[in-house]
Amino acid sequence: MKHHALEQLQTVAKVNHDYPHAAMSRRERLERWAELLDRNPHRPLSTLYETEYRPALEREAMRVEGSPMSVAFDDPVLRAAGLEGDSYGEAKRFFELTDNQLHRLVCHCHFGGTLSAANAAHHIRAISMGAYRGLFARLLDIFVG
């Protein structure tokens, strides 16, 4: 393999300075995550313990091997789109999730120690479709349209 400086490459190739951040909408990122989980629907995934009781900084850093976030981070497409890790905080940032949405998806109190990949995919799709929106937002949709 030959190595070249960036300046040398620019003379023979078009260099994309925006790479590796391929533009994907929030919905596309969530759908990609759900599709990855659906590839092995019976796979048991690890949950995070008591996310709702952790201080914000500790919660943001939480991670566990074999979690739904690990499945997302293993995907080169999502990494190219900007996913930088498999922590709670990174999933919250990259997928534009609220603490409540992520809590419902990965917390031990909802599933015990593990949840199936198919179950996680179902919850991600529900989030994507707005099923976990707050009561006020849903009422506003009804009355305002």
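Every number here is computed from the coordinates shown, using simple stated rules; none is lab data. Remember, predicted model here, so these are calculated numbers, not experimental data. Glycine gets a Cβ as well: all are built from the backbone with ideal geometry, and neighbour counts include every protein chain shown.
Under 10 Å from the Cβ of GLU84, count the other residues' Cβ atoms, weight Lys and Arg +1, Asp and Glu -1, and hand me the total.
Taking every other residue near GLU84 into account, the sum is 0.
Cβ under 14 Å from ASN40's Cβ, ASN40 left aside: what net charge do those residues give with Lys, Arg +1 and Asp, Glu -1?
Numbers: positive: ARG39, ARG43; negative: GLU35, ASP38, ASP74, ASP75.
Combined, the nearby Lys, Arg, Asp and Glu give -2.
Let me check I've understood the local charge: for LEU30, count other residues with C-beta under 11 angstrom from its C-beta, Lys and Arg +1, Asp and Glu -1. What total comes out?
+1
Could you list which residues have their amide H under 5 Å from that of MET62, counting only those 5 or more apart in sequence or on another chain, with H placed in the peptide plane?
Placed amide hydrogens put TYR88, GLY89 under 5 Å from MET62.
Along Cα→Cβ, 7 Å out, is where each label goes; now give me the distance between the ones at THR114 and ARG26 in nm to one decimal.
3.2 nm
Only four residue types carry charge here, +1 at the Cβ of Lys and Arg and -1 at the Cβ of Asp and Glu. Report the dipole size of the range 21-144 about the Cα centre in Debye, rounded to the nearest 20.
The dipole of the range 21-144 has a size of about 280 debye.
Quick one: Karplus J couplings for the range 52-64, per residue in order, coefficients 6.51, -1.76, 1.60, θ = phi - 60°, nearest Hz, x for Gly and Pro?
Taking θ as phi minus 60°, the curve returns 6, 9, 7, x, 3, 5, 5, 4, 4, 8, 4, 7, 8 Hz for the range 52-64.
Please list the non-local residues whose amide H lies under 5 Å from the amide H of SER116, H modeled 1.01 Å from N, same-chain partners needing a gap of 5 or more.
Under 5 Å from the amide H of SER116: LEU45.
Taking square-rooted eigenvalues a ≥ b ≥ c of the alpha carbon gyration tensor, is the range 49-99 rounded, prolate or oblate, where a/c under 1.5 means rounded and, failing that, a/b exceeding b/c means prolate?
Cα axes put the range 49-99 in the prolate bin.
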